[in-house]
Amino acid sequence: MRNIDLETDEDLDNHAESLSNWGRWGVDDQLGTLNYITNEIKLNASKLIQTGKTISLARETDIQTLRDNTSLLFPNKDEIFDLLVGDQGCAEFIGSSIHGFNITHLDSLCHFFKNKDEMYNGFSTKELIKDGAGKLAMENVANEGIVGRGVLLDMPLVKGKSLAPGMNFFPEDLSKAEETCKVEVKSGDILFIRTGAGRKNTREIRSGLHPNCLPWLHQKEIAVLGSDGASDTNPSSFERWNLPIYMIAIPYMGLHLLDNAELDLLSRTCQEENRWEFMVIIAPWRYKGTTSSPVNPLVIF
């Protein structure tokens, strides 16, 4: 496994292109690393079902959480929930920002740019208009969903305790987690990395991957990266590359990121089952032109 020290903005300037998948699946590709998931991988994932035990990796979200999540980006949007009660029943309107640090969601490849003009695979940012993204948006994923082999790397098992928000981990920690969890991360895997900080991760302070992990992720050819936070550590020592995992994974690698997954129950279940691989199904809403979607990832043992 190639080791690269990515400690400064200049380091990322020099190595960003070596982590790119542009053109790997053709000039028209909008799926990025989801291309690693072959039909054979899906069939093999189904063979991991042994007990039928099923758990959700989505966080349960109440109305106040939706309000809090939206107020971060849209402070003037007060009326995001209305319960409409009639004589024969009730319905509601719920509006919320999907991004943030509360709702379990999957990011589209149009969410982050390489620069002000280009997105993943060279698509122009002019594709982004008020009515939605013309390229790299969520419908490309939602048309078929994501089905494959899921793997959990449980960092608290490696460290002996949950990571406090603000702490990060390195490629050697990921390799150690493979040994501890008795699992090898392979091409096409849907990888979940548990920090143990969970809901303690916030916009201001959170645990996650050190940028040195980027070559590891690239060489492992994972299809999706999920976290109980947002993958990046904060605070960061970088200035221009202030969200290095996001800023490389999405526009350079074409790697979809899944944020705010509920991984504590998954950890306990993996320990009970004594295996850290499982079948996983991720079904985004069939939004057209959006930068993300809420998801309820289902794991089947």
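No value in this document is a laboratory result; all are computed from the given coordinates. These numbers were taken from a predicted model, which means no experiment stands behind them. Reconstructed Cβ throughout: ideal geometry from the backbone, glycine too, with neighbour counts over all protein chains shown.
Points worth noting:
- Peptides 134-140, 8-14 ordered by average Cβ neighbours within 10 Å, highest first: 134-140, 8-14
- By the count of neighbouring beta-carbon atoms within 10 Å, fewest first, 27, 299, 183 end up ordered 27, 183, 299.
- Taking a straight line from the alpha carbon of residue 53, these aspartates and glutamates sit under 19 Å away, with near neighbours fewer than eight places off in the same chain left out: 262, 264, 272, 273, 277.
- Net charge of Cβ neighbours under 11 Å - reference residue 132; Lys, Arg +1; Asp, Glu -1: 0
- Using the rule -39500 (n - 2.57) for each DSSP H run of four or more residues, divided by the residues of the chain, the 222 nm mean residue ellipticity is -6000 deg cm²/dmol.
- Gained length - residue 268 relative to residue 46, 0.36 nm times residue gap less alpha-carbon distance: 77.8 nm
- Here residue 200 is the anchor, and the lysines within straight C-alpha reach of less than 23 Å, apart from those fewer than 8 places off in the same chain, are 159, 161.
- Subset of 47/220; 42/114; 114/220; 114/288 violating a 27 Å alpha-carbon distance limit: 42/114
- If only the Cβ of Lys and Arg carry +1 and only the Cβ of Asp and Glu carry -1, the dipole of the chain around its Cα centre is close to 520 debye.
- When each of 192, 170 is scored by the number of other beta-carbon atoms lying within 10 Å, the sequence from fewest to most is 170, 192.
- Selected from 62, 28, 117 as most flexible by GNM, with the chain as the system and alpha-carbon contacts under 10 Å: 62
- Beta bridges per DSSP with both ends in the chain, % antiparallel, nearest 5: 65
- Stokes-Einstein D (µm²/s) once Rh is taken as the Kirkwood radius of the range 1-46 over alpha-carbon pairs, at 4 °C in 1.567 mPa s: 97
- Given charges at Cβ of Lys, Arg, Asp, Glu: the chain dipole, positive-most of 138, 279, 48: 48
- Per residue, the convex hull spanned by the alpha carbons of the range 111-248 comes to 129 Å³.
- All-pairs Cα distance distribution in the range 171-301, expressed in whole percent, bin size 5 Å: 2, 9, 19, 24, 23, 15, 6, 2, 0
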